[in-house]
Each structure stands twice: as C-alpha cells, then as structure tokens.
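The values are calculated or read from the model by the stated rules, or taken from the named source; none is laboratory data. These numbers were taken from a predicted model, which means no experiment stands behind them. Here the Cβ positions follow ideal geometry from the backbone for every residue, glycine too, while neighbour counts run over all protein chains shown. Just so you know, the surface numbers come from the protein's heavy atoms only, side chains and all, with ligands and any DNA or RNA stripped out. Shrake-Rupley method; radii C 1.70, N 1.55, O 1.52, S 1.80 Å.
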Amino acid sequence: MTDLIEAPFGYTDGDVDTNHSTAVTLNELADQRYSRRTLLRGSSAIVAATMGGSMVAACDSSDSFRTPTPPRVTAGAAITTTAGRMVTLTGTANDDKAVTAVAWTQTGGPTVTLTNANQDIATFMTPAVAARTNLTFQFAATDDAGNTSTATTTVTVDPATLGFTAVAKNKLDVVTVPTGYTVSVINRTGDPIAANVPAYKNDGTDTNFAQRIGDHGDALYWYGLSATGTRDANSSTRGLLVQNHENINDQYLHVNGATTVNGARPESEAQKEIDCHGVSVTEVSEGTNRAWTVKQDSSFNRRITPATPMVFNGPAKGSDLLKTVYSPTGVAGRGTINNCANGTTPWGSALTCEENWAGYFRRSGDTANRTAKEVTALSRYGVTSSTGSYGWSTVVAADSSNTLFRRWDARAGTGAATSDFRNEPNQFGWIVEIDPYAPTSTPRKRTALGRMGHEGCWPGLFVVGKKPAWYMGDDSRREYMYKFVSATAWVAADANATDRLAMGDKYLDAGTLYVAKFNADGTGTWMPLVYGQNGLDGTNTAYPFADQADVLVNTRLAADKLGATPMDRPEWTATNPATGEIYLTLTNNNAAGRPLTGTDAANPRHYNDPKGTASQYGNPNGHIIRIKEADTEATTFTWDIYAFGAGADLNATNINLSGLNDTNDFSSPDGLAFARATNAGGQVKPLMWIQTDDGAYTDVTNCMMLAALPGTVGDGGARTITNTGTGGATATQATRIGAAPGVNLRRFLVGPVECEITGVDSTPDGRTLFVGIQHPGEGGTPAAPSSHWPDSQAGGTVAATVRPRSAVVVITKNDGGVVGL
C-alpha cells in the first residue's frame, strides 16, 4: 500500500486530499456569509495567494451582501412669495454610486407649470390667489440600483402686490424703468415693414411711408400667431402688433421742415404726411435671450392710411350725409385719420378710434351754400378752419383725377353734395374695425357706435346669453361718455370664428347707443340715443333730426338734447377683467371748461396748479372715474372717482384728494389698460396701467406710466371739498372718492423729453409689455431737435442733430416674471 506522507506541505492529485488546513471551506464561508476581509484576516496566506482578491470579490463583494443605501435628497427651504412671480425650486441628490434620474412634481395647491421638472433646479410662475395659499412640491431622485428617495418643500403664495421700487420723477431723455427690468426698442417711425424698402435715414429725405411705420404711435394691441401662421390667442412668442398712428411731427419728416410754395403745399410733402397717419400691423416675435424683432417681409405686415379703401356699415350706411363725389352712394369710405385710442373684440379684430379729425379740413365762406342744420352740425364738431391743420387741400396734384388732397376741402359749392366734398367730414369720427389676420381685407366703419372724437372703445365682460357692450369717451373738454349695447346676445363659439368681420356685422351693426348722466348721489343713468325718443326727432329746435342715421352722424347734438353730463375730457376706457367695472380717464380741463361755479359731483375740482409763474386754473391735472353696472345690458350704474391727478405738494384737503406722494403723483391721465385675464396680473385683483399726456406738470417731470391695483366702486366715501378760484373766491362741491390708492399705485416708467406715453399691452403670459412712446422732442426744430430718443436710449454720446422718432418699447422682467408684479 502507499504510505500517507504527512508533511507541512502537501499536495493533491485530485483524488486524495493532502491539505490538512484548518481554514473553513468556501461552502462554509458562503454559509457563514463571511466578508472578504474576514477571510483574509483568518485564512492562510496560500488561500489569499491562490484565490486572489478578484476571485474572492467575484464570489462575494461587500456591496452585494449589505442593505442598499438610497439617494440622499433635499428639496430646499420653504419659500414665501406673491402671485405672478417666478419661483426657483432647488433640489439636491447624492448617492454612493450614480443618481440616474430626478424629478419635481407638484403635490398640492393650484396647478402650475414646472419648467425643467427633470432637473435639480426647476422654475414656475406663481398663480393668482385671493388669499394666502400653499403649494407643495416633491423632489425625487433614483440611483442605478433603482432605489428612490423623496423630499418635499412648500411655497406659500400671497395675493399679488406691485413688485418694484417706484421710478423717480425725472426729465431725462431716456425711458426709465425699475431696477430688474430691460428695455428694447422696435417699430420706430420710418422703420420699413415690407421687403426691399430701404432703412430709414431719418434726415427728411425718406419716402414711401405707405410701407413704413407711421408717426405718433398711439394705442396698440397684441394679436397672437401660431407657429403655422394662424390665429392663436394664447401665443406669447409670436404675434401681430396693431398700433395707431395719430399725428405727425412734420418738422422732422422733411429736410428743413414743412414748406409752402405760393400758398400751396408741395404734393410730395403732403403725401408723406398723409401716409404717416393711420394704423400699422407688424409681425413681431421673441428670439434667443428674449430678444424681440420685427419681421420686415412678413405677409401680415400692413399700413392702413387715410387713402385705404373702406366701407360703411350700420344704420348710417348709404345716408345722404355720407355722400361725396368719391362716394356718391354713401357706402364707400376712404381711409382713417387721427387714430388715438383703441378697442378689441373676442373674435380677434381690432377697433381703432378716429379722434381729432375735424381740424384737418378746410372750411370757410360757404355758409350761403349750406342749410342751417349743416352749419349747426359743422360748428358743433369744430369743422371751422380756413385752411386745415396741414394745408393738404392746397396741393395741386400732378394727376388732376387724384382727389386725395382735394377731399380735405369741405367747402360746399353750388351743386349737389355728390359734386364736392362738403360731406367729407361726416366720413370721419367713427369706430373702424380691422381684421389684422387678413391683410387684404377691407376695414369697416361701424356707424352704430356713433360719430364723435372717439377716444377708446373697450368692451365690457362677455357673458353667454348677455348682449355685449363697448364703452367710449369723446375726447374734448365738456364732452360725454357713451356705451354701445349690441342687439345680439353673446355666443361663446363666435370667439373662434374665422370670418372676423362677419362677426363684427353680427354684433356691431345693430344695437343701442347710450350716453351717460352722472348723478350727485353716486348713481347714474344710460340714456338711449334713439330717433323718435326723448325729443330726438324733427321737433328738436336746436337741430331737427331726420332719422337714426342723422342721430348717429350727429351724436354730440343728440347727447346735448338728452342732458348728458359734460366731462373733463373723457378719453380712454378700460374694463376690470375680474369685476367688470369700467374706468374712464378724464384728462384735464381749463377754467373756461370747468369754472369755479361749474363743477359737479363727477367733475368736482376747480383749483390752481402753478407752472412756474403761470397760473393753471380749472382741473389741470385730471382724474379717473369708474362705474359699476349689474351687467352690460344695464341702464343704470353707480360710480366714484378712483384717483385724482395732483402733484404731491398740492393741498391734501381740497386738491390732492387721493393722497398722492412722490412715488405716485401724476397729472393728466390718458392711456388706460388692465392686464390680460390670461395671466396673474389680470386675475383676482387685476393690475391697471395709467399713462399720462401732460403739459401741466412737465416743469417737474416728463410724462409717465404708473401701475395700480385698484379696489372697487364704493370702497371710499362721500366728501365735500372747497374749490378756490382767481382772486380767492371759493365754492364747495360734494363728490364721491374711492379709497386712497396708497402703495397700490406706483410710478413704473418715465419717458423721454417732450413725449406722451400712450398705448400699452402685454403678451398673454404677461411676461412682455409693449408701450408706445409718442412725439419725443415735439418742440424741437430740424436743426436743433429737443430730444434724440430713441438713439439716446443706448447711452453714450448722440450727435446734436439726430432727430427723435416715436417708437414702441419692449419691457421684460429680468427674472422672467409678470411685468409689474
């Protein structure tokens, strides 16, 4: 037999175990779930040498035998903020190995849209809330072993507040906005809006304003476009900007200013001036880093000028009062002029308002060829100039068949009305509806809404089954406030109609026009301007009305007859999208228009606001009135005065009735608009923009725009004030005043030298605001402009001869939030 050899070192041939080691076997090791460290510590060196670390690891790694550790996450500290603000959620996730996925989800509160929800840092816009509201969010992280951990955080949202520091009054030649905002400039006077139109030289030699941005940009409104170029009311990155062009700075349009040769205006100069008026439609879009640009060759771009063909619709269509040599049937119209404020419709059309049109016409020495009624009507509307504002009627056209210039001569000849332009003034003073999405469509003048110096035509709230209404001011001292109520109840589906002008036919061509009477007790009445009612017929001795067309063509005379309340220059209207209350700016009045003995509850002040050594008696700083109705069909209302314009230094008891201070004092309110209801700025307690067109306070500051969060009609009370006239004479007047605005009214913007701030709208998300800057440097000359804006906006040195231009500024909040909040 073979002897077994016992020695310190043995071997095996696979059949006989010659290793008598006392170490545990692998099976035992596995059974005992020993770690590699235990094995190496207690086993012989040969085991370590022969098996090696990697082999042991393959059999049993330490990670595979212990309980997995999930990621360690945090969701950040709780946050308290207000509505309309951008919030940043910051999560952290750490793991022994790799984190393969993270995600933010909302777990409570009003739903918001999270941006970058699959990253550590996500953002969202806080929603509108009526009271303190908690929003909760969960942050989750998953590692490569599939383990997930979560953490939560809370964001507390309070109701909206004005979220900026007031801009100081100033007389700088720039647009000043609060810290945290950025200003850029688009749509300057003369900018080309058609392919191959050259850049504007701004030296008086430029032509072809029918394809350029007009002068004196005024009211504006955003109409959204989809990526495919169709209407998208919710688009905030691509859209059409529709803007009025009210008037001109003629000294800057020509090389050496406007000229006259042998008593006649040169045709080329007059053509340029005419084309600078009207409306522009331009396509604008947001690009990289939120930079906004205008697409010069867009098929949507359009200029509507005083020469653009139009048609009349409504009760006055075809009336003898509209017939001219150009329009012998009284149906065709030609152009629009002095377009100031605006309006809109839910079906996506634009409404533009013809304001101070009367002064463009030449009329004198023709009384013998006119009836007494005609003379009364022309005088009531101010068509009394011997030459017209710019003398366009004096042009001798190269083409004798061109009546574009002769039309401004409203003198009556001995022939019929269709042989001259005696009725041309009656073709202006209307609300004009335009389809911005259809650049070849023919605008329509909606005669059912009356003829006046239209300033503002804003709709009330649209309620299914209720007849919608549009609210209007007539911009002249001692004129009236109006509303038009459609004959057709609102159908929600009509908001999506593709034939937008047909919707205008449906809702704007038939209805009732009313004029307002404000009572001393804070109530008011809407009085219908309907032929055959309340003396509006042939028996009216001041002006015998022939029919409803006559009432509408001569709306002011009809309102006179009904005893409407004369107001202190009623201008823009705006509707609070949450309450439906209507606001109206009353820009100012002088001592003749509002004498000491001629105040009333709705126009209560007569005082002096000295400008240097000059006295300014009357109501030089203006005020804002508001009304509350049961609905748009109501014929009664209640009212109070939201805010009185005044310098902070004026008497707080009888003049500065709203308690204004250096952060919010203003003068001559004009433009007015609420934030859109599609964002937090227009919900719950909506934000309102107030713009000024001032001459009374310009010794202290340039014109401005303020932001407000107004309350409601009746939140103040009755008060009696003492007015003081020249020589110290006094008179008392009772009125109704809203709660003092306080911190809910704040100066947001101050414009450049000699400008008016006019026109404001935002994208639907409220993150981009468009504001019109009109006629900077209006008092300068071609050789010595008094402003160099917008060139001056960039800072640095600007040549002393650079001419100013009206333009639109684009304002964005640097953190991406809602502008103003």
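Mind checking which pairs have a first residue in the stretch 588-609 that is without any contact (Cβ under 8 Å) to a residue 40 or more places away in the chain and a second that is of a type in the set (A, V, I, L, M, F, W, C) and outside any loop (DSSP other than H, G, I, E, B), Cβ under 9 Å, 6 or more apart or different chains?
Once the first residue is without any contact (Cβ under 8 Å) to a residue 40 or more places away in the chain and sits in the stretch 588-609, its partners that are of a type in the set (A, V, I, L, M, F, W, C) and outside any loop (DSSP other than H, G, I, E, B) give ASN603/PHE518; ASN603/MET567; ASN603/LEU586; ASN603/ILE625.
Test of understanding: among VAL197, VAL174, which residue is over 21 Å from CYS755 (Cβ atoms), at pLDDT 95 or above, touching a helix residue (DSSP H, G or I) at 6+ places or on another chain (Cβ under 8 Å) and in a loop (DSSP other than H, G, I, E, B)?
Residue meeting the stated conditions: VAL197.
Determine if the stretch 129-149 includes at least one residue that is in a loop (DSSP other than H, G, I, E, B), touching a strand residue (DSSP E or B) at 6+ places or on another chain (Cβ under 6 Å) and open to solvent by less than 40 Å² (accessible area, probe 1.4 Å).
yes
Quick one: in the stretch 392-410, which of the residues that are out of contact with any helix residue (DSSP H, G or I) (no Cβ under 8 Å at 6 or more places or on another chain) and not hydroxyl-bearing (Ser, Thr, Tyr) is least open to solvent (accessible area, probe 1.4 Å)?
That would be ASN402.
Restricting the search to the stretch 264-317, which residues are within 16 Å of LEU220 (Cα to Cα) and small (Gly, Ala, Ser)?
Of everything in the stretch 264-317, those that are within 16 Å of LEU220 (Cα to Cα) and small (Gly, Ala, Ser) turn out to be GLY278, SER280, SER285.
Only one of ASP218, ASP232 is open to solvent by 10 Å² or more (accessible area, probe 1.4 Å), modelled with pLDDT of 95 or more and charged (D, E, K, R); which?
ASP232
Tally up the residues in the stretch 343-361 that are closer than 21 Å to THR308 by Cα and in contact with a helix residue (DSSP H, G or I) (Cβ under 7 Å, 6 or more places away or on another chain), please.
Adding up the residues that qualify gives 5.
State which residue is surrounded by the most Cβ atoms within 10 Å (Cβ to Cβ) when the search covers only the stretch 249-270 and only residues that are assigned to a loop (DSSP other than H, G, I, E, B) and in contact with a Lys or Arg (Cβ under 9 Å, 6 or more places away or on another chain).
ASN249
Considering only the stretch 318-333, how many residues are crowded, with 19+ Cβ neighbours inside 10 Å and either outside any loop (DSSP other than H, G, I, E, B) or under 32 Å from the mean Cα position of the chain (by Cα) (or both)?
3
ARG370: surrounded by fewer than 17 Cβ atoms within 10 Å (Cβ to Cβ), out of contact with any Gly (no Cβ under 6 Å at 6 or more places or on another chain) and of a type in the set (Lys, Arg), yes or no?
yes
Only one residue in ASN590, ASN534 is in contact with a Leu (Cβ under 8 Å, 6 or more places away or on another chain), surrounded by fewer than 17 Cβ atoms within 10 Å (Cβ to Cβ) and over 17 Å from MET452 (Cβ atoms), so which one is that?
Testing whether each residue is in contact with a Leu (Cβ under 8 Å, 6 or more places away or on another chain), surrounded by fewer than 17 Cβ atoms within 10 Å (Cβ to Cβ) and over 17 Å from MET452 (Cβ atoms) leaves just ASN534.
So ILE121 clears everything in (1) surrounded by 16 or more Cβ atoms within 10 Å (Cβ to Cβ); (2) in contact with a Leu (Cβ under 8 Å, 6 or more places away or on another chain) except one condition, right? Which one?
(1)
Residue-by-condition table, conditions (1) buried (at least 21 other Cβ atoms within 10 Å of the Cβ); (2) under 29 Å from THR585 (Cα atoms):
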| position | (1), (2) |
| --- | --- |
| TYR480 | yes, yes |
| ALA489 | no, yes |
| ASP499 | no, no |
| TYR507 | yes, yes |
| LYS517 | no, yes |
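Looking at ALA630, ALA646, ALA614, which is the one that is among the small types (Gly, Ala, Ser) and in contact with an Asp or Glu (Cβ under 9 Å, 6 or more places away or on another chain)?
ALA646
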